Every structure is written in structure tokens, then in C-alpha cells.
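Peer 1: This is the structure I want to talk about, given as C-alpha cells.
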Amino acid sequence: MIRQFSAIDGLQKAYTLVYSLDAEDENGCRLTLCRTGSGPRMESLYLAAAPESCYRILQYLCENGVQPEIWQDVMEELTTADRLEQKGGALRGQ
């Protein structure tokens, strides 16, 4: 999934975020976030979850324009929330 951001004079330079998923097997996926253009950076991690669950997380990251600097924190929140949901717990604001 690709998300492009335009240059805004005096506020930001143009850049692109690329979110990708590699389903290594049915028990886990590798999620990668790459920023090109202004401040290039790449982050990747393995998530022990079904590919369908990984894809939903990837979609969330892209639709919300999650940046490489905070993506580890967001992933931790999302995977903790997923574990709570599986155990019948409730999330704040739901």
C-alpha cells in the first residue's frame, strides 16, 4: 500500500510511505514501512498472527498515515488490543 504526501510550502517536503506485508507462513507475517523522499527510513518487524489479521493492521497503518518514528508504539498498541479482544476484553472507547 502506498500513501503519498505533497510538499506544503514552509511546512513539509513531499514524501511517500510504502507499507508492505510478506506472509511468511500461516502463523506470521513480516510488516515493513518505508519512507522515501524527505527523511528516508525503513522499519520492519515480524508479527505472529494470521495473514488476514496482518492485512487489517497494514490497512490501519496506511489509512492513518502512521510514520516510521511511531510505528513500533502503534504496533504494540494494536497487538495488545488484539490480544484483549481475543480474551473477551473491552477496549477504551468501544
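Peer 1: For the chain, give me every cysteine whose Cβ has no other Cys Cβ within less than 4.7 Å, ordered by residue number.
Peer 2: CYS34, CYS62
Peer 1: Along the positive direction of the dipole of region 2-72 (beta-carbon charges: Lys, Arg +1; Asp, Glu -1; about the Cα centre), which of CYS54, ILE70, CYS29 reaches farthest?
Peer 2: The residue sitting most towards the positive pole is ILE70.
Peer 1: Averaged across orientations, what area in nm² does the convex hull of the alpha carbons in the chain project?
Peer 2: One quarter of the hull surface, i.e. the mean projection, equals 6.8 nm².
Peer 1: Nearest 10 degrees, 0 to 90: what angle lies between the long axis of helix 71-86 and the longest principal axis of the chain (Cα atoms)?
Peer 2: Taking the Cα atoms of the chain, the angle to 71-86 is about 20 degrees.
Peer 1: Please state the relative contact order of region 2-72 as a whole percent: Cα pairs under 8 Å, 6+ residues apart?
Peer 2: Reported as a whole number, the value is 26 percent.
Peer 1: Based on DSSP loop calls and a cut-off of at most 12 other Cβ atoms within 10 Å, the longest stretch of the chain free of exposed trypsin sites (Lys or Arg not before Pro) is what?
Peer 2: That would be 14-86.
Peer 1: Let me know the longest stretch in the chain that avoids all GluC sites (Glu not before Pro) found in a DSSP loop with at most 13 other C-beta atoms within 10 Å.
Peer 2: Longest site-free region, per DSSP loop and neighbour criteria: 27-68.
No lab work stands behind these numbers, since they all come straight from the coordinates. This structure is a prediction, so every number in the text was calculated from the model and none was measured. Cβ: placed from backbone, ideal geometry, glycine included. Neighbour counts: every protein chain shown.
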